[in-house]
Structure formats: structure tokens, C-alpha cells
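All remarks here apply to the structure that follows.
The values are calculated or read from the model by the stated rules, or taken from the named source; none is laboratory data. All values derive from a computational prediction rather than experimental measurement. With ideal geometry, Cβ positions are generated from the backbone for all residues, glycine too; neighbour counts draw on all protein chains shown.
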Amino acid sequence: MLTMQSNEVKTHFSGVLREIEQGQEVLVTRHRKVIAKIIPYREDLHDPHEAVAAVRALRTLPLSRAEADAYRRNGQR
């Protein structure tokens, strides 16, 4: 995974897109804080039936209420 400052991404945008096309993921930072993650587009990530199935599968995991809340809070960041 590459980490680049936002001004670098802007300056080298076409090169960054080439890297992403090849499967690279890019974290974009501003003032040393991550503000975005650019990932390659995948057609299979947008199938709503698969998304529903994935959520249902997550519900079967043996997590305590506290663990589930911790994952939820972490995902909201």
C-alpha cells in the first residue's frame, strides 16, 4: 500500500491511477493524517445480493456485545 500526500496525488494523478489499475491501494494524507484510501474498482463489490449475504454471515460470528460495539466504533472512523 502506498502512502502519499494530497499534493503529490494531485501532481502525479495519472501515475497514481496507473498504480491503482495494477491493484495498488493508496492512502492519501494531509498534514500527516490519513484522509482517504483509494482502492481499485472491483465489479464484484457492488453486487447487493453478495453484500446482504456478507452481512448475514457476519451476524453468525460468535462476538460479545462489547466486541461488536468496538468493531462498529472502529468502522465509523
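Quick notes on this one:
- Note on region 59-77: among residues that are surrounded by 11 or more Cβ atoms within 10 Å (Cβ to Cβ) and of a type in the set (A, V, I, L, M), the one that is farthest from Met1 (Cα to Cα) is Leu63.
- Selection status of Tyr41, surrounded by 10 or more Cβ atoms within 10 Å (Cβ to Cβ), hydroxyl-bearing (Ser, Thr, Tyr) and either assigned to a helix (DSSP H, G or I) or at pLDDT 85 or above (or both): no
- Qualifying residue in region 51-71 (condition: of a type in the set (A, V, I, L, M), within 13 Å of the chain's Cα centre (by Cα) and assigned to a helix (DSSP H, G or I)): no
- Pairs, first closer than 10 Å to Leu2 by Cα in region 15-39, second surrounded by 11 or more Cβ atoms within 10 Å (Cβ to Cβ) and of a type in the set (Gly, Ala, Ser), C-beta under 6 Å, six or more apart: Val28/Ser6; Val28/Ala36
- When residues in region 1-52 are screened for being in contact with a helix residue (DSSP H, G or I) (Cβ under 8 Å, 6 or more places away or on another chain) and hydroxyl-bearing (Ser, Thr, Tyr), 1 of them pass.
- Residues of region 1-35 satisfying the condition of being exposed (fewer than 13 other Cβ atoms within 10 Å of the Cβ), assigned to a strand (DSSP E or B) and either of a type in the set (A, V, I, L, M) or in contact with an Asp or Glu (Cβ under 7 Å, 6 or more places away or on another chain) (or both): Val34, Ile35
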